[in-house]
Amino acid sequence: MANIEEVEQARSRIQNIIHKTPIVHSQSLQEKWGRRVFFKAEHLQKTGSFKIRGAANAVTNAVSNGATLVTAASSGNHGQAVAYVANELGISSVIVVPTDASPAKVAAIKAYGGQIEYCGTTSAERIPHAKSLANQLSGVYIPPYDHRDIIAGQGTVGLEMVEQLPDAEFIVVPVGGGGLISGILTAVKAKRPDILVIGAEPALANDTALSLERGEITAIGPTETIADGLRTSQPGDLTFPIVSELLDGLVLVEEQEIIEAMRDIAARTKQLVEPSGAVAAAAIMSGKAGAPGQTIVAVISGGNVDLPRFAGLLNAAETK
């Protein structure tokens, strides 16, 4: 299980690669949602999401051990991060993406020097292919979430939050494979065990909710949730024990709630947030997480959504 020392070591290792992202507050949204909510703005991170934290930690370690090529399996954000870091460190990268990957994310991976391979629509299909490519090409596979270096890197989000907002009482984190939530739990529960940490998961991609309910890792089939960054088939072998032990609760959000949160954030803060990045905010907006009077932080995990898709989601919601 990852520990706070690993998170602190990761911060030292990656500090010259990543941004320390700001905490953003909107009085307008506070009044509309009835919650004192702050946003940890990882959509303003390099490559547009929190994923660069874990990728920077894992790829840096791989290079220090002699790697000249890395592979990754990703719906987009992890792939962008791995490609970016690999390019910065002067090595090659091959990124395996789903056949329905966001064109904007694929274009960004290519812009960062990554070679694209398409494979299936689920992480259960992408991950074995990326591992196979690493073996064929004598490279190193960089997992999207289920790796100690990834968990420790993502945990630096938690370190920053407790330092930037000392009066935080309640943190809401989007949940996919569990790298971000397990890293944040590792950091926050070590530094501020009094803070409640709640996960938010799309109802259409509820593998973590099912796994917690059954007390064991439980896989689901392909999902069509608009939160493409959270379309994992099951929690990780390393992340799930952390979540099981430390998480204070998990809520499920509907597709319409995600869209409404994206729209509110865009209208009131002028920030562009992707569906996956709006899931934690949707949990607060809908009243499923946090209470009036509490100081709440929602992790906005990414902003990599192309404008036509963003506009299409909002327009479709308005016609319903």
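Taken together, the values in this text are just the output of simple stated rules run on the coordinates, not laboratory data. Only a predicted model underlies this, so the values are computations on that prediction, with no experimental measurement involved. A quick note on method: Cβ atoms are made from the backbone with ideal geometry, for glycine too, and the neighbour counts reach across all protein chains shown.
Brief remarks follow.
- Qualifying trypsin sites (Lys or Arg not before Pro) for region 210-318 [loop in DSSP, other Cβ within 10 Å: at most 15]: Lys270
- Tilt relative to the chain, helix 255-269 - C-alpha long axis, 0 to 90 degrees, to 10: 80 degrees
- When you filter the GluC sites (Glu not before Pro) in region 254-320 for DSSP loop state and at most 16 other Cβ atoms inside 10 Å of their Cβ, you are left with Glu254.
- What the pair-distance distribution of the chain shows, using all Cα-Cα distances binned every 10 Å from zero, is 7, 30, 38, 21, 4, 0 percent.
- Sparse-neighbour loop sites [trypsin sites (Lys or Arg not before Pro); region 62-160; at most 11 other C-beta within 10 Å; DSSP]: none
- Principal-axis analysis of the Cα atoms of the chain puts helix 307-318 at an angle of about 30° to the longest axis.
- Region 1-60 and region 281-298 have Cα centres separated by 18 Å.
- Residue exposure sequence - Lys20, Lys40 - by fewest surrounding Cβ within 10 Å: Lys20, Lys40
- The residues His147, His19, His129, His78, when put in order of fewest to most other Cβ atoms within 10 Å, stand as His19, His129, His147, His78.
- Within the same chain, aspartates and glutamates fewer than 8 places from Lys131 are excluded, and of the rest, those with a Cα less than 15 Å from its Cα are Glu117, Asp146.
- Note: relative contact order over region 51-141, using C-alpha pairs below 8 Å and six or more positions apart, is 32 percent.
- Proximal lysines relative to Lys288, as straight alpha-carbon distance under 29 Å, when same-chain residues fewer than 8 apart are discounted: Lys20, Lys32, Lys40, Lys51, Lys189, Lys191, Lys270, Lys320
- A compact globular protein would have a Cα radius of gyration near 2.2 N^0.38 Å; the ratio found for region 51-141 is 0.95.
- Taking Ile259, Ile184 and counting other C-beta atoms within 10 Å, the order from fewest to most: Ile259, Ile184
- Relative pair counts by distance (%), Cα atoms of region 192-320, 5 Å bins: 2, 11, 20, 22, 20, 14, 8, 4, 1
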